[in-house]
There are 2 protein chains.
Amino acid sequence: MSLILTPLKYFPLVSPGDDIALLISSSIEKMNMDIKDGDIFIITQKVISKSENRIVNLSEVKPGPKAKEVAKVCGKDPRLVELILSESKCVIRIGPGIIIVEHKLGFVCANGGIDHSNVSGLYGDQKDWVLLLPINPDDSARQLRNRLQMQFKVSLGILIIDSHGRAWRNGIVGTSIGMAGVPGIVDMRGKPDLFDFSLRITQIAAADELAAGASLIMGQACEGTPVVHARGFPYPLRDDVNIKDLIRDKKRDLFR
Amino acid sequence: MSLILTPLKYFPLVSPGDDIALLISSSIEKMNMDIKDGDIFIITQKVISKSENRIVNLSEVKPGPKAKEVAKVCGKDPRLVELILSESKCVIRIGPGIIIVEHKLGFVCANGGIDHSNVSGLYGDQKDWVLLLPINPDDSARQLRNRLQMQFKVSLGILIIDSHGRAWRNGIVGTSIGMAGVPGIVDMRGKPDLFDFSLRITQIAAADELAAGASLIMGQACEGTPVVHARGFPYPLRDDVNIKDLIRDKKRDLFR
């Protein structure tokens, strides 16, 4: 079976308080799509964050001494650095224009996941508006899943994604930051390979593979298709999923 | 437009000397698929490596002193470590059961990209057979592209992928190791976002996003669908592509 990734059309610009479930249903209706058991919606964090009003104006942020110090090293706005630090558990690396942190949500990402683009327009020309990640993307995903499952009367998956850089490789890729129904990891350990030679380590980051594929057709920034519908995900949906499944235990992480 | 990823059926087990272009054409014919301008074939490195006879028996490998030393630290077979080191430019980290290296091909990966699964069966029960990466996956991709473009009389892309682990996150994801026609990076720097607020750093690792999405439906090991056909890749194909586009410059890499 094919994996089919379809960007939702007719999705409006999102403002604080908007009902994302309603916007998705409405888009699906206008596109005249049928929704089936096992379908997944992949949603960029930007629209979830906006709907949850995670928008901050830098003019309201007072940088503390640590932020000022870090800002000098990396060359970023000290007010933005203050926000990055307040969104993070700890700093992993500092480079020119970049701060790699362990986010409060557990994953490692650049600049605390704070986004500077696609926000300012909501409030006119000012460039001081930034967007923080949703407070709990797993919760946001679960709520959305409940709403959409009631609406469509089938079992669905929800994946909230962001674009992350990687160690060693150029470019950003779509990466999961919250999920409901979609398994983060599919464990193939111990399953036989084609020749019955037992596989010793094969844990597939299924949610991240889906996040990357969906991100490819979301387009970045200028195109604005923040939701993708996926059909043909090859593994069963599950209720007991959590972004933590995808986060490597610190003790087993060679790159902290 | 949707992105449609379709695993090729009727693809046989590959042996050294097999003609991958022919096997792909034959599969496409049996599936009665039409091939269009801009379509991409994503191929797991295992079948390329096998067709290029990159199979080694560990009993023929004599570990040197450095391999013996590293083997003690990581707990791997010293003969396998010898091969890993000979496939690599340098060692980045050593952990229990794992050696992270800079491969001779330039990218960072675990255990020199040497694969222990899905090989032994070719030669009976022995478990000493391992598979090295193709000597030059970009070249393999270019040759395959030329053959298939002649066959189908359209412009095509070829992506050779492997499953890589990541820093900080659990699980493996499909990752590009060679390409022809498919842009590794799509550069959105300087393009306006939805609100004309210029994006400062947005380089999309388009080939890696496609690699991950395709990998998701290849299944791992026990299912054996090593080639995926992609339609709907949202960027133009290009001739001047190279795996090096995806490799971060050492000087700008905070995680070496």
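The values are calculated or read from the model by the stated rules, or taken from the named source; none is laboratory data. Just so it is clear, the structure is predicted and the values come from calculations on it, not from any experiment. Here Cβ is always computed from backbone atoms with ideal geometry, including for glycine, and neighbour counts include all displayed protein chains.
Does B:L83 meet the test of being farther than 21 Å from B:G224 by Cβ, modelled with pLDDT of 95 or more and surrounded by 20 or more Cβ atoms within 10 Å (Cβ to Cβ)? Judged against the criteria, B:L83 is a match. So, A:A230, is that one within 14 Å of chain B (Cβ to nearest Cβ), under 27 Å from B:H103 (Cα atoms) and at pLDDT 95 or above or not? So A:A230 fails the test. Is there a residue being crowded, with 16+ Cβ neighbours inside 10 Å, in contact with an Asp or Glu (Cβ under 7 Å, 6 or more places away or on another chain) and under 14 Å from A:L3 (Cβ atoms) anywhere in segment B:232-249? Within segment B:232-249, not a single residue is crowded, with 16+ Cβ neighbours inside 10 Å, in contact with an Asp or Glu (Cβ under 7 Å, 6 or more places away or on another chain) and under 14 Å from A:L3 (Cβ atoms).
Scanning segment A:75-87 for residues that are part of a helix (DSSP H, G or I) and of a type in the set (G, A, S) yields a single hit, A:S86. Summed over segment A:35-45, residues that are within 14 Å of another protein chain (Cβ to nearest Cβ) and assigned to a loop (DSSP other than H, G, I, E, B) total 2. Checked against (1) under 15 Å from A:A167 (Cβ atoms); (2) out of contact with any Lys or Arg (no Cβ under 7 Å at 6 or more places or on another chain); (3) of a type outside the set (S, T, N, Q), B:I92 passes all but a single condition, namely (2). Please tell me if A:A207 is part of a helix (DSSP H, G or I), over 30 Å from A:N57 (Cα atoms) and either within 13 Å of chain B (Cβ to nearest Cβ) or at pLDDT below 95 (or both). So A:A207 passes the test.
One residue is enough: does segment B:133-150 have a residue meeting the conditions more than 30 Å from B:Y235 (Cα to Cα) and surrounded by 18 or more Cβ atoms within 10 Å (Cβ to Cβ)? Break it down stepwise before answering.
Quick first cut of segment B:133-150, residues more than 30 Å from B:Y235 (Cα to Cα) only: none.
No, segment B:133-150 contains no residue that is more than 30 Å from B:Y235 (Cα to Cα) and surrounded by 18 or more Cβ atoms within 10 Å (Cβ to Cβ).
Residue count for segment B:210-256 under the criterion of being charged (D, E, K, R) and not in a loop (DSSP other than H, G, I, E, B): the result is 6.
Here is a yes/no grid of residues against (1) touching a residue at least 60 places away in the same chain (Cβ under 8 Å); (2) surrounded by fewer than 21 Cβ atoms within 10 Å (Cβ to Cβ); (3) more than 14 Å from chain A (Cβ to nearest Cβ); (4) assigned to a strand (DSSP E or B):
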{"site": "B:S26", "(1), (2), (3), (4)": "no, yes, yes, no"}
{"site": "B:S49", "(1), (2), (3), (4)": "yes, no, yes, no"}
{"site": "B:K66", "(1), (2), (3), (4)": "no, yes, yes, no"}
{"site": "B:V73", "(1), (2), (3), (4)": "no, yes, no, no"}
{"site": "B:K89", "(1), (2), (3), (4)": "no, yes, no, yes"}
{"site": "B:I94", "(1), (2), (3), (4)": "no, yes, no, yes"}
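Taken over segment A:1-18, the residue count meeting the criterion of being facing chain B (nearest Cβ under 7 Å) and β-branched (V, I, T) is 2.
Can you tell me which residue is nearest to the chain's Cα centre (by Cα) among those in segment B:157-173 that are assigned to a loop (DSSP other than H, G, I, E, B) and either more than 8 Å from chain A (Cβ to nearest Cβ) or of a type in the set (G, A, S) (or both)? Please lay out each step first, then the result.
Taking segment B:157-173 as the starting set, the residues that turn out to be assigned to a loop (DSSP other than H, G, I, E, B) are B:165-168, B:170-171.
Within this subset, residues satisfying the condition of being either more than 8 Å from chain A (Cβ to nearest Cβ) or of a type in the set (G, A, S) (or both) are B:165, B:167, B:171.
Values: B:G165: 12, B:A167: 18, B:G171: 16 Å.
The qualifying residue nearest to the chain's Cα centre (by Cα) is B:G165.
Yes or no, residue by residue, for (1) in contact (Cβ under 8 Å) with a residue 12 or more places away in the chain; (2) touching a helix residue (DSSP H, G or I) at 6+ places or on another chain (Cβ under 8 Å):
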{"position": "A:P12", "(1), (2)": "no, yes"}
{"position": "A:P16", "(1), (2)": "yes, yes"}
{"position": "A:I40", "(1), (2)": "yes, yes"}
{"position": "A:R54", "(1), (2)": "yes, no"}
{"position": "A:D77", "(1), (2)": "yes, yes"}
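For segment A:174-203, a tally of residues being within 7 Å of another protein chain (Cβ to nearest Cβ), assigned to a strand (DSSP E or B) and at pLDDT 95 or above returns 1. A count restricted to segment B:242-253 and to residues that are within 8 Å of chain A (Cβ to nearest Cβ) and at pLDDT below 90 stands at 2.
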